Structures are given as structure tokens and as C-alpha cells.
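Let me begin by presenting the structure, written as C-alpha cells, before commenting on it.
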Amino acid sequence: MLNIILFGPPGAGKGTQSVKLTEKYKLIHLSTGDILRAEVAAQTELGKEAKTLMDKGILVSDDIVIGMIDTKICKNERSSNGFIFDGFPRTLPQAESLDKLLEKHSTSISMTLALEVNEAELFHRISLRGKSSGRADDQDEATFRKRMAVYNNETSPLKDYYKKQGKLRTVKGIGEIDEIFNALCSEIDKKL
Ligand code: ADP
């Protein structure tokens, strides 16, 4: 199986690139942000609880997102060549649980592709996205700052976790969408 983590700060382009990679390599896209937003839209109990946190830029609890990922892996495993994890893992416990979950299915992370984008560009992209997406967490500068702080404190250290495993590849996340896509593909193709 080809299991890829697409890693990067809010607004790095993980969603956009995940869709293209999913199509090319016939993978299943697992975005915890998308799954949580679907719960919010369906007004489930989980969705109601998650919305309050998401609107403030705070992470939803590890147990909840790990459970969601576990369910999706079990449901899709047989029909898939592998997964693209987008927005997950975001904390060390999530990364450790993901390794264990995949091991249970006799597979593992193939590589972590980290998109690198500076904070000024991220802020610019998120404010543009806020105008069209309707996402509350994209429309408020304080929430963006909070998400960046959460990323820097809790998520960014995971780069070391994957570096130690020899799985981290960094790719420049600024430029044309297709140019970035080609850079990601060339990292993946080295492994195939
Ligand atoms: P972005 O990548 O633009 O920050 P996402 O769509 O991935 O946004 O996530 C939006 C919000 O959903 C996060 O700010 C957080 O509240 C919640 N969320 C998404 N993924 C996770 C996760 N793996 N762990 C905890 N919370 C998450």
C-alpha cells in the first residue's frame, strides 16, 4: 500500500494537492477537517461539540479524530491502494496511534510530504479562502493566529518524528499548483 501523509500549516494547499494525488495514484483521501465539517453539517452530537472548538482554531480531542480515522481505514482498506492523510496526524499521540493502526492492518506510512509556505503567504491565502468558503475559522484573523500557534506548538514537531523514521520529504509549497503537484509526484515516484 502507498500511505502518504500530506503535512503542512493551515492554508499550505494540502486539500488541493490531496485531491490531485488521490486521482493520479488511486488513493483514498482522508481529511479529518472534511470529516469533522461533514459532522457539523449533519448536526450530529460530535459535530456540535467539534464546531465550538473548530471555530476557535482549537484542536478536537485526539480520541475523537483517531476513532474517526480508524473507522475510515477499516471501511476502505480492501478497496484501496492506500491513503492520503490530510490534516492528520496533528499531535504526537495521533502520530503514534496512526502507526499502530496501520501496523494492525499490516501496513505503514510510506512517506510524509511536508509543504513549506511562509506565514505571510498563508495568511493571504486563508483570508481569500474565508471570502469564498464560508468557513468561520478562515474569516477571523485571531482564529488564524491561534491555528498557526497550535500548528507551531503541537503539529510542526511531528516533522522530527518522521525525520527520525527517515520518512520526511519537504516540498516548496509556493508557485503554480501544477508545479507543486509535479514536485510532490517526483518524491512519490522515487519510492514506487
Ligand atoms: P486547516 O488545515 O486549514 O487548518 P482543517 O480543515 O484541516 O484546516 O481543520 C479545521 C479544524 O478542524 C482544525 O482547526 C481543528 O479544530 C479540527 N481538526 C482537523 N483535523 C484535526 C485533527 N487531526 N486533530 C484535532 N483537530 C482537528
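The values are calculated or read from the model by the stated rules, or taken from the named source; none is laboratory data. Note that the structure is predicted; figures quoted are calculated from it, not measured. Here the Cβ positions follow ideal geometry from the backbone for every residue, glycine too, while neighbour counts run over all protein chains shown. Protein only, heavy atoms only, side chains kept; ligands, DNA and RNA dropped before computing areas. Shrake-Rupley method; radii C 1.70, N 1.55, O 1.52, S 1.80 Å.
D for the range 8-62, whole µm²/s, Stokes-Einstein with Kirkwood Rh over alpha-carbon pairs at 10 °C and 1.306 mPa s: what number? It would help to have the intermediate numbers written out before the result.
Details: Rh = 12.5 Å.
After rounding, the answer is 127 µm²/s.
List the residues, sorted by chain then number, that are 5 or more residues from residue 170 or on another chain and whose placed amide H is less than 5 Å from its amide H.
Under 5 Å from the amide H of residue 170: 114.
For n ≥ 4 DSSP H runs only, could you compute -39500 (n - 2.57) per run for the chain, divide by its residues and tell me the 222 nm figure to the nearest 500? Before the final figure, lay out the partial values.
On the way: 9 runs with 109 residues, N = 192.
After summing the helix terms and dividing by residue count, I get -17500 deg cm²/dmol.
Within the chain, what whole-number % of the accessible surface is contributed by carbon and sulfur, with the 1.4 Å probe and all protein chains included in the calculation? Each step should come with its number before you reach the end.
On the way: 4930 of 9770 Å².
Answer for the chain: carbon and sulfur cover 50 percent of the accessible area.
Starting from the Cα gyration tensor of the range 128-192, multiply each eigenvalue by 5, take the square root, and state the resulting semi-axes largest first in whole Å.
Details: eigenvalues 156, 77, 12 Å².
Ellipsoid half-lengths, sorted descending, are 28, 20, 8 Å.
Would you please give the FRET efficiency between residue 41 and residue 164, computed as 1/(1 + (r/R0)^6) with r the Cβ-Cβ distance and R0 = 45 Å, to the nearest 0.05? Could the numbers behind the result be given before it?
Numbers: r = 38 Å, r/R0 = 0.85.
For R0 = 45 Å, the calculated efficiency reads 0.75.
May I ask which of 48/164; 104/164; 51/172; 100/164; 51/104; 26/51 have a Cα-Cα span longer than 27 Å here?
Numbers: 48/164 37 Å; 104/164 22 Å; 51/172 31 Å; 100/164 17 Å; 51/104 31 Å; 26/51 31 Å.
Violating the 27 Å limit, Cα to Cα: 48/164; 51/172; 51/104; 26/51.
Note down the nm distance, to one decimal, between modelled labels 7 Å out along Cα→Cβ at residue 16 and at residue 140.
2.6
Which FRET efficiency value, to the nearest 0.05, do you get for residue 179 and residue 156 by plugging their Cβ-Cβ distance into 1/(1 + (r/R0)^6) with R0 = 30 Å?
Working: r = 24 Å, r/R0 = 0.80.
Working from the Cβ atoms, E equals 0.80.
In square angstrom, what is the accessible area per residue of the chain with a 1.4 angstrom probe? Can you show the working numbers first?
Numbers: 9770 Å² over 192 residues.
I get 51 Å² per residue for this part.
On the Cα set of the range 23-119, report Rg and Dmax in Å, please.
Over the range 23-119's Cα set, Rg and Dmax evaluate to 14.0, 39 Å.
Based on the alpha carbon coordinates of the chain, what radius of gyration and maximum Cα-Cα distance (Dmax) apply, in Å?
15.9, 43
With an 8 Å Cα cut-off and a minimum separation of 6 or more residues, compute the relative contact order for the range 56-192 in percent.
On the way: 94 pairs, mean separation 43.8, N = 137.
So the answer I get is 32 percent.
Can you tell me the Rg and the Dmax, both Å, for the Cα atoms in the range 87-158?
In order Rg, Dmax, the Cα atoms of the range 87-158 give 15.2, 43 Å.
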